[in-house]
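Step one of this worksheet: look at the structure below.
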Amino acid sequence: MNFRVPILTSIAILLAATAGAQRNFDISVKANGPRSVVVSWPVQSATPVGDLLVLPQFQVQRSADLKSWTPLGAPLSGALHQTLTLADSSGVASFYKVQSIISLAYAALDNVTLSSGQLAAADFFGAELFGATLNQAALNGANLGAADLRNASLISANLTDASLFDVEASGAVFDGSVMTGVNASFGDFQLASFFGVVLSNANFGSADLTGADLDFAVFNGMKLDSNTLMDPKPTLIWQIVNLGAPGANLDGQDLSSAALLGANLNGAKLTNANLNSSELINADIRNANLTGANLEYVNFQGTLVGDTVMDIEWLLVWYILNHGAPGDNLKGTNLSFAYLENANLHGTMLINANLDGTDLSGADLRGANFLGANMNYVELPGSLLNGSTVIDSKSLLVWDILNEGGDGVNIAGANLSQVYLAGASLRESNLSNAVCTVSVMSDADFTDSNLRLSNFSGSELEGALLVDANLTSANFSNTDLTDADLLGATTNGANFSGAIFSNTILPDGSVSP
């Protein structure tokens, strides 16, 4: 942002603040006589309300050419919402910027909450952050070297180009984070979780990743050395991604839940290998032999196929995913447990097809005919239907709940058995007498809903919200209630025999072990 201040010397001012919701601030620049200007700005926390208050220091800098910058005075600090000012009476035509600085080296921050904090370039060197919560925090370029991050939670954080050199992070959770370019050399990450983490160009030389969860981690360009400790499975996946495995004998290998992005598997022997849920996006499997391989939920988007040996079902899945099948006749076809997200099935004939457990999220199903098809556990979030789509009433109800919203609906007595409703919102709804047996409803929200006399036997309700719900005489036998929240729920006469309670919030507010 550039503008000129109308003073005698025509001093030009550049205003610059660190990006981020909390660290953005408005700066006021006013003339203070013919040869002086005053820069002022408010003090704001780098963290949201409710988190630990983090007040940056501020350093005003001056430049004549926007290339070389020199500090103007010492760093300034202030109380929350205080307005800080600095006057420059040099009379020299200059550009100015205000830098937000967070310096918490060696700070005692065990178990604090810094979630969604704008902490880019912050200095946490040697800080005590045991058990701290930094979910969705912006930590790009931050210095966490030698810090204690044991058991800390950094879910969906941005750690791009951050320093984790010699960090203690055993048991830490980085799931869904971006760690591109991180320096994690010599770090201790035993039993840490990196589920779905982008580790491209990160340096883990001499780091200890023993026992770490690296499912779906992106290893492309990740740097290891001879002293890096990592379990055999992720080590093999890292080798395939970064070194390639053309012609390799991978018979029977466990390559499940792997991000094999762009991997060279040309001519590889993958007979009986387990590739369940793996991502073969832009991978080369030409001339490869996948006879007997487990290819359930494999993402074949952009995969190179030619003279590839694999079951006809998976060749068809590959074709549909990459070319679509609008208007095709796939009557009686087996497409069970296939990954067909965003596939074009517009007007496709799928009469009596087997779609058990198929992922059709985001798929175009307008005009498709599912008459007599097996639709158990089909995933339908974001999929497109229209009045010409022929689909059974149960699947249509599932689609409605996932895509049109289920809050406040009256579906008493509905049949929702063997369906996929993970993450569904059914707040303040009436599901009394509903049959919801053996269904996938993890992270679903039943807050304030009426589930009286409903049957959820054998269903997956991990992370579900049942706060203040009416569960009178409901059947939850053999239901998985791990991480579920039943605070304030009415459970008179409910059947919980064989149910799994783990870290579950019970109606009285206590937490199960």
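The values are calculated or read from the model by the stated rules, or taken from the named source; none is laboratory data. Quick caveat, the model's predicted, so the values are computed rather than measured. Glycine also receives a Cβ, built like all others from the backbone with ideal geometry; neighbour counts cover every protein chain displayed. What goes into the accessible areas is simple: the full protein's heavy atoms, side chains included, and nothing from ligands, DNA or RNA. Shrake-Rupley method; radii C 1.70, N 1.55, O 1.52, S 1.80 Å.
Some points to look at:
- Size of charge dipole - the chain - debye, nearest 20, with Cβ of Lys, Arg +1 and Asp, Glu -1, no other charges: 1820
- A crude spin-label estimate for the pair S206 and A412, with each label 7 Å from Cα along the Cβ direction, gives 6.9 nm.
- Overall, the accessible surface of segment 382-455 at a probe of 1.4 angstrom is composed of carbon and sulfur to the extent of 44 percent.
- When the solvent-accessible area of segment 116-257 is split by element, carbon and sulfur atoms take up 49 percent of it, the probe being 1.4 Å.
- Alpha-carbon centroids, segment 64-89 and segment 218-277: separation in whole Å: 52
- In Å², nearest 10: area of R452 left accessible to a 1.4 Å probe: 110
- Cβ charges +1 (Lys, Arg) and -1 (Asp, Glu), total dipole of segment 337-491, debye: 540
- Rg(Cα)/(2.2 N^0.38 Å) for the chain, N = residue count: 1.20
- Residues of segment 117-148 with an amide N closer than 18 Å to a point placed 7 Å from the Cα of W69 along the Cα-to-Cβ direction: 119-123, 140-143.
- Computed [θ] at 222 nm, helices only, for the chain once each DSSP H run of length n ≥ 4 contributes -39500 (n - 2.57): -2000 deg cm²/dmol
- Segment 71-200: equivalent-ellipsoid semi-axes (sqrt of 5 x gyration tensor eigenvalues, Cα, Å): 32, 15, 13
- Per residue solvent-accessible surface (Å²) - segment 177-297, probe of 1.4 Å: 37
- Distance between the modelled labels on Y106 and D400, one decimal in nanometres: 6.5 nm (7 Å Cα→Cβ projection).
- Set of segment 256-276 residues, backbone N closer than 16 Å to the point 7 Å along the Cα-Cβ line of Y319: none
- Remark: segment 328-406 carries 39 Å² of accessible area per residue (probe radius 1.4 Å; ligands, DNA and RNA excluded).
- Inter-centroid distance (Cα atoms) of segment 147-168 relative to segment 181-215, Å: 10
- Once you divide the Cα radius of gyration of segment 143-252 by 2.2 N^0.38 Å, the number left is 1.00.
- Only Lys, Arg (+1) and Asp, Glu (-1) charged, at Cβ; segment 20-73 dipole about Cα centre in debye: 260
- Alpha-carbon centroids, segment 354-369 and segment 403-466: separation in whole Å: 22
- Rounded FRET efficiency, nearest 0.05, which uses the C-beta distance separating Q136 from V92 and R0 of 45 Å: 0.60
- The calculated FRET efficiency for the pair S77 and L243, based on their C-beta separation and a Förster distance of 60 Å, comes to about 0.75.
- Think of the chain as a dipole: +1 on every Lys or Arg Cβ, -1 on every Asp or Glu Cβ, centred on the Cα centre; then among F58, P507, G196, F58 lies furthest on the positive end.
- Equivalent ellipsoid semi-axes, segment 346-428, via Cα gyration tensor eigenvalues times 5, rooted, Å: 21, 13, 12
- Accessible area per residue in Å² at 1.4 Å probe, computed on segment 84-152: 37
- Per-peptide average of other Cβ atoms within 10 Å, ordering 410-422, 73-85, 99-111 highest first: 410-422, 99-111, 73-85
- The heavy atoms of I237 present about 10 square angstrom of accessible area, all protein chains included, probe 1.4 Å.
- Reachable aspartates and glutamates from K97, criterion Cα separation under 13 angstrom, eight or more residues apart if same chain: D26, D65, D88
- Three-way shape call for segment 404-513 based on the alpha-carbon gyration tensor, with the a/c threshold at 1.5: rounded
- Taken along its three principal axes, the alpha carbon spread of segment 249-305 comes to 23, 21, 13 Å, from the longest extent down to the shortest.
- Separation in nanometres of the label points that stand 7 Å from Cα toward Cβ, at S512 and I281: 3.6
- Above-threshold pairs, the threshold being 30 Å between Cα atoms, out of K233/K394; K30/K67; K223/K269: K233/K394
- Residue (of P232, Q99, G267) at the positive-pole extreme of the chain, dipole from beta-carbon charges: Q99
- The chain: angle of helix 312-323 to the longest principal axis, Cα-based, in degrees nearest 10: 40
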